[in-house]
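Peer 1: Sharing a structure here in structure tokens format.
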Amino acid sequence: MIRKFAALLLLAGIAAIFMGLLFTYEPDPELNTTARYYAERTAADIGAANIVTAIVVTYRGLDTLGEVTVLFLSAAIVGLVLASGRRKKTAKERTVTPAGELLATGSTLLAPLIMLLGVYVFVNGHLTPGGGFQGGAIIASGMLLLLLTDPLKHFSHTLIATVESLSGILYVAIGLLGIFLAGGFLDNRILPIGTLGTLFSAGAIPLIYSLIGLKVGAEFSSILAHLSETEEL
Amino acid sequence: MALIAMAAGFILILIGFYGALTNRNILRMIVAFTVADTGVNIVMVTVGYLRDRTAPILDNAVPAADAAARIIDPVPQALVLTAIVIGMGVTALMLAFAYRFYEKKRTLDITKCTELKW
Amino acid sequence: MSALFIALTILLTVAMIGAALVAVLGKSMPIAILSAGLVSLLASVLFLLLAAPDVAMTEAAIGSGLTTFLFFFILGRVRGGEHD
């Protein structure tokens, strides 16, 4: 009882702070200096139609590298926490009811299409909403569909780890190329910028975002595979 | 409209915190944390919203020349994009720890976790 | 146009808060997890109204899709523990 009362008291304090923030909030009438710079210079400097992509991949590219590293660490720790000191049950010991006809047929039809949609989303990240993170999540959803159809399916962890580390190394290598060929780390102008709004534009952004998409997709798939390979307790 | 959305975000944060503070079941605490996470993201996106403007994507409707007068602030969107992906990684990590906790203790009640109590 | 947007925002807000209350206070664990997924899904529609399509896509794919399934994987492994 006293525990609940203390929690409510704390929440009342936080709510008072939030009320203060909410009632004194005045939306800006104009873009602030940073946002104005990005809005005015993206088309000429970066050549990407989607300004959010330009910020994520190029202007704040180093932050994205850090983010992908955090995601890699959390995927690695999930694997470490779940795999330490456990006897792997073979497929014969686990019994599951087979998936229905509808799910089995539907997944063979849909899984390749979902993967294709994921690739489309991250290849077009500089033109349309979407990009590496969304595309990677869609690819992982395709993997999830395969796992739902056959829970005993064993994804090759070696393959996932290879895709993950290769795309990570290539990402950093392209970033380093930017230092030598263009203005700095992760500069996208190592390739021609092209015309705004076409697929082969925005320099190295489609390349970098595709690598991020593969890396994120591999990391999410590895988290999903590890969690689904746990045993019932 | 932005104020309504911002109020919704704040209320979601409060609901999430209440759940995380009062529940003893670790799985329910994680669910409450994801609700609070969504609330924080809504508040951050709302801060970047400006009235009568459109999404930060250049095309025929929003030519590059007058983009600064037509689009909303893209920086909070880039931040929230990062926050959502990291949030999923953190949730997966918490769930893995919850699984190990159940394996050791055969319960999800965190008050049974007494090793660090005196 | 604007009045429609405001009405839609209020509707989404009320639905989100209702789903969040179910997620935090509800008795059944699977329903709580599904409600948390519903909060994310409604939030992604709200992001679309707030002119943030990139964030809306991410929230729909990750927040309401993958996270919900991660919860169900673990919930299926800890049968009997969810009533503590």
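Peer 1: What residue, among those in region B:1-18 that are more than 9 Å from chain C (Cβ to nearest Cβ) and aromatic (Phe, Trp, Tyr), is nearest to C:ILE10 (Cα to Cα)?
Peer 2: Going through the qualifying residues, I end up with B:PHE10.
Peer 1: Quick one: in region A:117-143, of everything that is closer than 18 Å to C:LEU66 by Cα and aliphatic (A, V, I, L, M), which residue is nearest to the other protein chains (Cβ to nearest Cβ)?
Peer 2: Among those residues, the one meeting the criterion is A:ALA137.
Peer 1: Can you tell me which residues in region C:61-74 are more than 8 Å from chain A (Cβ to nearest Cβ), touching a helix residue (DSSP H, G or I) at 6+ places or on another chain (Cβ under 6 Å) and either at pLDDT below 90 or within 23 Å of A:LEU152 (Cβ to Cβ) (or both)?
Peer 2: Listed by number, the residues that qualify are C:GLY63, C:SER64, C:THR68, C:PHE71.
Peer 1: Separate question: All but one of (1) open to solvent by less than 50 Å² (accessible area, probe 1.4 Å); (2) assigned to a helix (DSSP H, G or I); (3) within 30 Å of B:PRO74 (Cβ to Cβ) hold for A:ILE160, so report the exception by its number.
Peer 2: Tallying (1) open to solvent by less than 50 Å² (accessible area, probe 1.4 Å); (2) assigned to a helix (DSSP H, G or I); (3) within 30 Å of B:PRO74 (Cβ to Cβ), A:ILE160 fails exactly one: (3).
Peer 1: Among the residues of region A:107-133, count how many are open to solvent by 10 Å² or more (accessible area, probe 1.4 Å), without any contact (Cβ under 8 Å) to a residue 24 or more places away in the chain and within 26 Å of B:ALA61 (Cα to Cα).
Peer 2: 2
Peer 1: Just checking, how many residues over region A:211-233 are open to solvent by less than 50 Å² (accessible area, probe 1.4 Å) and either in contact with a Gly (Cβ under 7 Å, 6 or more places away or on another chain) or of a type in the set (D, E, K, R) (or both)?
Peer 2: Qualifying residue count, region A:211-233: 11.
Peer 1: With the checklist (1) aliphatic (A, V, I, L, M); (2) open to solvent by 30 Å² or more (accessible area, probe 1.4 Å); (3) within 7 Å of another protein chain (Cβ to nearest Cβ) in hand, flag the one item B:ILE71 doesn't pass.
Peer 2: For B:ILE71, the failing item is (2).
Peer 1: Also, I was wondering about something else. Residues being facing chain C (nearest Cβ under 8 Å) and either surrounded by fewer than 19 Cβ atoms within 10 Å (Cβ to Cβ) or in contact with a strand residue (DSSP E or B) (Cβ under 8 Å, 6 or more places away or on another chain) (or both): count how many of those fall in region B:19-55.
Peer 2: The number of residues fulfilling the criteria is 5.
Peer 1: Listed residues A:LEU207, A:LEU146, A:LEU196; which is closer than 30 Å to B:TYR99 by Cα, touching a residue at least 12 places away in the same chain (Cβ under 8 Å) and surrounded by fewer than 24 Cβ atoms within 10 Å (Cβ to Cβ)?
Peer 2: A:LEU146
Peer 1: Moving to a separate point now. In region C:39-59, which residue that is more than 10 Å from chain A (Cβ to nearest Cβ) and among the small types (Gly, Ala, Ser) is surrounded by the most Cβ atoms within 10 Å (Cβ to Cβ)?
Peer 2: Here the answer is C:ALA43.
Peer 1: Further, regarding this structure: Need a quick list: helices (runs of 4 or more DSSP H) entirely within region A:1-70 having at least 3 residues that are loosely packed, with under 14 Cβ neighbours inside 10 Å.
Peer 2: Here the list reads A:2-23, A:33-45.
The values are calculated or read from the model by the stated rules, or taken from the named source; none is laboratory data. The shown structure was predicted, so the numbers you read here are calculated from the model rather than taken from an experiment. A quick note on method: Cβ atoms are made from the backbone with ideal geometry, for glycine too, and the neighbour counts reach across all protein chains shown. Side chains included, ligands, DNA and RNA excluded: accessible areas come from the protein's heavy atoms. Shrake-Rupley method; radii C 1.70, N 1.55, O 1.52, S 1.80 Å.
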